[in-house]
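See below for the structure under consideration.
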Amino acid sequence: MTDAVVFILGRTKKLHLGNGPLQPVVNILVTCTKRKTRPVPDGLRLGSVPAGPPAQRAPAWLGRLRSSREESVPAEALYAGDSWNIIRMLSSGGPGAPAVRVWICSAGYGLLSLASKVRPYSATFDGGQPDSVAVNGQGGPPREASRAWWRLLAEWQGPGPRGPRTIAELADAHPRSPLLVVASEVYLGAVADDLREGLGRLDDPDQLAMISAGTSDLEGLSKHLLPCDARLQHLVGGARASLNARLARLALSSLGGREPTCSALGELFSGLLAEQQDAPSRRRTALADAEVRRYLKEALERDPKSRPTPLLRKLRDSGRACEQSRFVSLFRAVREQLYGS
């Protein structure tokens, strides 16, 4: 019988291994959260930075982060909310779960570890929010602007302690470790280029798996998307907003010692889905641009203060479909046509 001690983000964890080989630590990439444990000053809200293309806006934003006198705290202590509470539990390990390293995809800072010292801030890749990376179509389509923004953040060395600044660097540093990405469709779109490069640096492509409930396509990476959707929500409980995090916890505790590869997790989730009754019709009818514009025009005429995210959720709940970045672009175009801004 053997034991091993691994160092995980400033913590020492002893693993009882029996006679088997040492299992690699799993790298889990999650997204930042809107909720913070500390108040965010106006100057560290991305919406306070003048609109412009990422190449113009990012340096101004990073200058504010570097020069701010706000106290820095470990990222682990800054984020809050249901999803984050689950992620923190994952970082501490648990019965039947492998040891993990947690990494954070932050729209404000770039790639972070739990130990990274960050200031309270507000920035997001989600469109239509006051602190969105993409503003009024400047910098190109929202997804292109988000990808450019992610690349620019990576050029900064980031807050201490030093660590990888891209997913590709992370994969290069841990080529034998499984990489589990837990993110929404919007955040996956923002880091897709980096993910593809990182995939090429892993020893085995099967080491990359992504949990993004309801996301079915990501260019060049679709086969790494695990089959999971709202039908699994009753198994893990909680609100829809924390579904991805809860599914990650379920996955890591249900493999019975097997490595969380894409094939192993795909088999797990496929089996779980096969056991579930179909959720109330989640198959949606895709809409053409003209139909989405008509829907948006009617909604904005009823309430000029409507925001795109609630409108898209309402559209999808009605059984209709539209990809988020396209919906946000159409929302802005219709709003400008109606109200000039």
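Please tell me if Arg201 is of a type in the set (Lys, Arg) and either outside the structural domain of Arg143 (by TED's automatic domain parsing) or at pLDDT 95 or above (or both). Full working, then the answer.
Details: of a type in the set (Lys, Arg): yes; either outside the structural domain of Arg143 (by TED's automatic domain parsing) or at pLDDT 95 or above (or both): yes.
Yes; evaluated as a whole, the condition is true for this residue.
For (1) among the polar types (S, T, N, Q); (2) on the phi > 0 side of the Ramachandran plot; (3) in contact (Cβ under 8 Å) with a residue 40 or more places away in the chain, each residue gets a yes or a no:
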{"position": "Val191", "(1), (2), (3)": "no, no, yes"}
{"position": "Glu197", "(1), (2), (3)": "no, no, no"}
{"position": "Asp204", "(1), (2), (3)": "no, no, yes"}
{"position": "Ile211", "(1), (2), (3)": "no, no, yes"}
{"position": "Gly220", "(1), (2), (3)": "no, yes, no"}
{"position": "Pro227", "(1), (2), (3)": "no, no, yes"}
{"position": "Arg231", "(1), (2), (3)": "no, no, yes"}
{"position": "Ala239", "(1), (2), (3)": "no, no, yes"}
{"position": "Ser242", "(1), (2), (3)": "yes, no, yes"}
(Q) Condition (residue is part of a helix (DSSP H, G or I), touching a residue at least 24 places away in the same chain (Cβ under 8 Å), among the basic types (Lys, Arg) and not assigned by TED's automatic domain parsing to the domain that holds Val334) applied to segment 286-301: is it met by at least one residue? (A) no
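Could you pull out the residue among Leu235, Leu300 that is hydrophobic (A, V, I, L, M, F, W, C), at pLDDT 85 or above and surrounded by 15 or more Cβ atoms within 10 Å (Cβ to Cβ)?
Working: Leu235 fails: surrounded by 15 or more Cβ atoms within 10 Å (Cβ to Cβ).
None of the others qualify; the one that does is Leu300.
Do you know which residues across segment 155-178 are aliphatic (A, V, I, L, M), over 14 Å from Thr31 (Cα atoms) and crowded, with 19+ Cβ neighbours inside 10 Å? Full working, then the answer.
Keep residues of segment 155-178 that are aliphatic (A, V, I, L, M), which gives 167-168, 170-171, 173.
In the following step, the residues that additionally are over 14 Å from Thr31 (Cα atoms) were identified as 168, 170-171, 173.
Hits for segment 155-178 are Ala168, Leu170, Ala171.
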Q.
Going by what's in this entry, would Glu291 be described as farther than 28 Å from Phe125 by Cβ and charged (D, E, K, R)?
A. no
Q | Qualifying position, being under 29 Å from Ala80 (Cβ atoms), in contact with a Gly (Cβ under 9 Å, 6 or more places away or on another chain), modelled with pLDDT of 95 or more and outside any helix (DSSP H, G or I), among Arg165, Arg147 | A | Arg165
Q: Just give me the residues in segment 192-214 being closer than 15 Å to Asp172 by Cα and among the aliphatic types (A, V, I, L, M), in sequence order.
A: Leu195, Leu199, Leu202, Leu208
**Q.** Tally, over segment 204-219, of residues that are at pLDDT 90 or above, assigned to a loop (DSSP other than H, G, I, E, B) and more than 16 Å from the chain's Cα centre (by Cα)
**A.** 1
Q. Among all residue pairs at least 6 apart or on different chains, which show Cβ distances below 6 Å where the first residue, located in segment 59-78, is under 14 Å from Gly47 (Cα atoms) and the second is among the β-branched types (Val, Ile, Thr)?
A. Ala60/Val49; Trp61/Val49
(Q) Looking only at residues that are surrounded by fewer than 11 Cβ atoms within 10 Å (Cβ to Cβ) and over 21 Å from Asp217 (Cβ atoms) in segment 279-297, which one is modelled with the highest pLDDT? (A) Ala290
Q: Return yes when Asp131 is closer than 28 Å to Ala251 by Cβ and assigned by TED's automatic domain parsing to the domain that holds Val236 and no when it is not.
A: no
Q) Does Asp194 qualify as being surrounded by fewer than 16 Cβ atoms within 10 Å (Cβ to Cβ), assigned by TED's automatic domain parsing to the domain that holds Glu155 and not small (Gly, Ala, Ser)? A) no
Q) If you check Arg231 against the conditions, is it more than 18 Å from the chain's Cα centre (by Cα) and part of a loop (DSSP other than H, G, I, E, B)? A) no
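Where in segment 1-109 are there helices (runs of 4 or more DSSP H), lying wholly inside it, with at least 3 residues that are assigned by TED's automatic domain parsing to the domain that holds Ser122, modelled with pLDDT under 95 and aromatic (Phe, Trp, Tyr)? Working first, answer last.
Values: elements: 54-67, 75-78, 82-91.
Filter on segment 1-109 gives an empty set.
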Q) Does any residue in segment 145-159 that is among the charged types (D, E, K, R) come within less than 7 Å, Cβ to Cβ, of a residue that is surrounded by 21 or more Cβ atoms within 10 Å (Cβ to Cβ) six or more places away or on a different chain, and which pairs are these? A) Arg147/Ala190
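Applying the selection to segment 170-189, what residues are touching a residue at least 24 places away in the same chain (Cβ under 8 Å) and either under 22 Å from Pro59 (Cα atoms) or among the small types (Gly, Ala, Ser) (or both)?
Those that are touching a residue at least 24 places away in the same chain (Cβ under 8 Å) and either under 22 Å from Pro59 (Cα atoms) or among the small types (Gly, Ala, Ser) (or both): Ala171, Ser177, Ala183, Ser184, Tyr187, Gly189.
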Q: With the condition kept exactly as written, say whether any residue in segment 309-321 is free of Cβ contacts under 8 Å to residues at least 12 places away in the same chain and surrounded by 14 or more Cβ atoms within 10 Å (Cβ to Cβ).
A: no
Q: Restrict the check to segment 132-141 and report whether at least one residue is at pLDDT 95 or above, surrounded by 19 or more Cβ atoms within 10 Å (Cβ to Cβ) and out of contact with any Lys or Arg (no Cβ under 9 Å at 6 or more places or on another chain).
A: no
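The values are calculated or read from the model by the stated rules, or taken from the named source; none is laboratory data. Since we're looking at a predicted model, the values are computed, not measured. Heads up, the Cβs are rebuilt from the backbone with ideal geometry, glycines too, and the neighbour counts pull from every protein chain shown.
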